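Values quoted throughout were computed directly from the atomic coordinates according to the rules given, and no laboratory measurement underlies them. This one's a predicted model, so the numbers in the text were calculated from it and none came from an experiment. With ideal geometry, Cβ positions are generated from the backbone for all residues, glycine too; neighbour counts draw on all protein chains shown.
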Amino acid sequence: MTKKYLLDRLPEIERLERQAELIGLDRVRDHFSLADGEAVLDAGCGSGWASRLVAREWPGTTVTGIDLTPSFVEYARQCAENEQIKNLSYVSGDITDLPFENKSFDVVWSQLVIFFLPEPESAIAEFARVLRPGGQVKIAVTESPFETIWPERPPLSQGIREMREKALHGWRMACIPQMLKSAGFQDITVETAVDRVHSFNGGASPAQRRNIEESYVQALRDDPSLAGGKDNADRLIGEILNFADDNESVSINTHWVFGGNKP
Ligand SMILES: C[S@@+](CC[C@H](N)C(=O)[O-])C[C@H]1O[C@@H](n2cnc3c(N)ncnc32)[C@H](O)[C@@H]1O
């Protein structure tokens, strides 16, 4: 079966660019400390915003982005060309079967990607393979949103959880440290921060609301079977938007970055 990203429509690119502002460029930049000559891989680069950021900030490095969706890679390439970023290139491909030689990179960065994979171990093994000894991996993910909320709304929390389990293969992200260890990584770290995309106090901001509508709500409109059929999908969409629009609502969600060193 041909692999495909769940939200592979072109407007998704624009959402990813806007979502970058919500996540915060500062937050991504703070995960890097690079020396001239180092090579960075952005695994599952999407629109390429993170790889552009790193390549601009550290012009002495070489940055490569890879993504499964060819139209996203084309967009990312075009942006790099328009901005005349010389130390940045893109390839289409699958992060579970990377088209790179062993020991080609010093840092592998992979944000909001690994939870789309049925077998994340295969990507983690590939990250270990393409890293040089002393190289670092950083895997950023966010929890399933609308679990820690007030007022409590069980149909919302449960509906999103079930939808994510259907769409995202149901494995637990807390097992990533163990997966990194099994792939041979050492000094495993787990950094947590507020997920700025799905956390709010007093209803979703307009930018968050738009992002929720263009991700979770759009996925349900595209594929109502994610909620077990059209009626359930419509009900869940109502729950999501009603909660986002309630100016008393509070949502707390966590952003995790797992790290490891290749010995
Ligand atoms: C939510 S987006 C995140 C993009 C980007 N890392 C960011 O932070 O904005 C997920 C990306 O993962 C890509 N993707 C999903 N499965 C992939 C795979 N097996 N190999 C490479 N890319 C993949 C999708 O095409 C999409 O661009």
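Rank W109, W150, W49 by mean-square fluctuation in a GNM of the chain with C-alpha springs under 10 angstrom and give only the top-ranked residue. Between W109, W150, W49, it is W150 that shows the largest mean-square fluctuation. Semi-axes of the equivalent ellipsoid for the stretch 108-253, computed as √(5λ) from the eigenvalues of its C-alpha gyration tensor and ordered from largest down, come to 32, 17, 12 Å.
Can you list which of the trypsin sites (Lys or Arg not before Pro) found in the stretch 42-97 are DSSP loop residues with at most 16 other C-beta atoms within 10 Å?
Values: sites: R52, R56, R77, K86; in loops: K86.
Passing sites in the stretch 42-97 are K86.
Taking other residues whose beta carbon is less than 9 angstrom from the beta carbon of G60, and scoring Lys, Arg as +1 and Asp, Glu as -1, yields -2. Remark: R172, R27 ranked as R172, R27, counting other beta-carbon atoms within 10 Å and listing the fewest first.
Based on DSSP H segments of at least four residues, each scored -39500 (n - 2.57), the chain has a per-residue ellipticity at 222 nm of -11000 deg cm²/dmol. Cα centroids of the stretch 246-263 and the stretch 82-136: 22 Å apart.
Taking a ≥ b ≥ c as the square roots of the eigenvalues of the alpha-carbon gyration tensor, the stretch 54-160 is classed prolate because a/c is 1.5 or more and a/b outweighs b/c. Close Lys pairs in the stretch 11-261, defined as Cα atoms under 30 Å apart and 8 or more places apart or on different chains, number 8. Looking at the stretch 27-95, the GluC sites (Glu not before Pro) that sit in a DSSP loop and have at most 13 other Cβ atoms within 10 Å of their own Cβ are E83.
At a temperature of 20 °C and a viscosity of 1.002 mPa s, determine how fast the chain diffuses translationally according to Stokes-Einstein, using the Kirkwood radius over alpha-carbon pairs as Rh; express D in µm²/s, rounded to the nearest whole number.
Translational diffusion coefficient: 112 µm²/s.
Here H31, H169, H255 are placed in order of increasing Cβ neighbour count within 10 Å, fewest first, which gives H169, H31, H255.
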